[in-house]
Protein chains: 2
Amino acid sequence: MRKRIDVEALCVAKGMPMTEQRRVVAKVLSEAEDHPDVEALHARIREIDRGISIATVYRTLRLFEKAGILERHEFRHGRPRYEAAPDVRHDHLIDVETGAVTEFSDPELETLQKQIADRLGYNLVDYRLELYGTKRDRKP
Amino acid sequence: MRKRIDVEALCVAKGMPMTEQRRVVAKVLSEAEDHPDVEALHARIREIDRGISIATVYRTLRLFEKAGILERHEFRHGRPRYEAAPDVRHDHLIDVETGAVTEFSDPELETLQKQIADRLGYNLVDYRLELYGTKRDRKP
DNA sequence: GTAGCTGCAAATCGTTTGCCGATCA
DNA sequence: TGATCGGCAAACGATTTGCAGCTAC
């Protein structure tokens, strides 16, 4: 069960001028249950407003990302995929057969990572963790 | 202390036709102590043989990668970077200020990842872990 | 009113590819 | 010899940008 994030409200809170196009992009992002790429997003956007150009989609995604409203993920083998920025950080497990993404978070893992960085003489400022797997017992 | 890998020997072992150009690319990769990108590699290659084109560099890197002789890493913010494939897997800590890469490996971490995948109903087939940090006590 | 937006088409960037003469085994 | 290679320049695909007109506030 994914927590719905009101992207438009976040934009307004940041004082962004809200155009019709941005509202549509925000709506599509808010409603996405998956982690769509630009092409998928554009397709969904055009279902609502046929005239919105790909340039606007790119511009808007960059804008939202810089504002911290959006996360861009560069998983292996594929174009960047997007999700509305969650309030609690999580990591991703990607199904290598279907591309489906499962979210998870594990405090133990983060502790361990901090320890490793520390041991190497660094302060951990960020990390990227992606698991790639195949579903167990896929057939009946 | 980085273990030197004889890339040319690995190519020969795989039965690749070894041209003058491939020997140069192999040599540069074997001698690299860092994780250079294509541009850096091409620069080093040209120091040995001025005539080798960027197309050849790209073709050769792809060839080596497909043969499992080379690893391509797509760290955040930047072009892909390469290293001769190590025989024991390791992960990377990237200095966000300098781009320098420190290698590490932690069996505990891998166990934990396997457990997480398992808990989510997946068999772990691969993963990507990158730590981003700043050096502690950088100044004297 | 004016700063900032959008659509369009052209530009950009890193990377790949078709062609054809050259090289390797 | 026959398969494979490499250099060149053109092609490519995803993304960005300049411009001129339009919109939010």
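The values are calculated or read from the model by the stated rules, or taken from the named source; none is laboratory data. These figures come from a predicted structure and were not determined experimentally. Virtual Cβ from ideal backbone geometry, glycine too; neighbours counted across all protein chains shown.
Worth a mention:
- Index of the failed condition, B:Thr19 passing every other in (1) of a type in the set (S, T, N, Q); (2) surrounded by fewer than 13 Cβ atoms within 10 Å (Cβ to Cβ); (3) touching a Phe, Trp or Tyr at 6+ places or on another chain (Cβ under 9 Å): (3)
- Within the range A:104-125, being charged (D, E, K, R), exposed (fewer than 15 other Cβ atoms within 10 Å of the Cβ) and at pLDDT below 95 holds for one residue alone: A:Glu108.
- Among residues of the range A:28-37, those that are part of a loop (DSSP other than H, G, I, E, B) and among the acidic types (Asp, Glu), counted: 2
- Yes/no for B:Ala67 being touching a Cys at 6+ places or on another chain (Cβ under 9 Å), more than 24 Å from B:Gly133 (Cα to Cα), within 16 Å of DNA strand D (Cβ to nearest atom) and more than 14 Å from chain A (Cβ to nearest Cβ): yes
- Taking the range B:38-120 and the helices (runs of 4 or more DSSP H) fully enclosed by it, the elements with 3 or more residues that are without any contact (Cβ under 8 Å) to a residue 24 or more places away in the chain and in contact with a strand residue (DSSP E or B) (Cβ under 9 Å, 6 or more places away or on another chain) are at B:107-119.
- Qualifying residue in the range B:72-91 (condition: loosely packed, with under 12 Cβ neighbours inside 10 Å, within 16 Å of DNA strand D (Cβ to nearest atom) and more than 15 Å from the chain's Cα centre (by Cα)): yes
- Condition check for B:Asp137 on (1) at the interface with chain A (Cβ under 9 Å from one of its Cβ atoms); (2) surrounded by 15 or more Cβ atoms within 10 Å (Cβ to Cβ); (3) of a type outside the set (Gly, Ala, Ser): one failure, at (2).
- Restricting attention to the range B:23-37 and to residues that are within 12 Å of DNA strand C (Cβ to nearest atom) and free of Cβ contacts under 8 Å to residues at least 40 places away in the same chain, the residue that is farthest from B:Val101 (Cα to Cα) turns out to be B:Arg23.
- Qualifying residues in the range A:1-13 (those that are of a type outside the set (A, V, I, L, M) and surrounded by 12 or more Cβ atoms within 10 Å (Cβ to Cβ)) - the one nearest to DNA strand D (Cβ to nearest atom): A:Cys11
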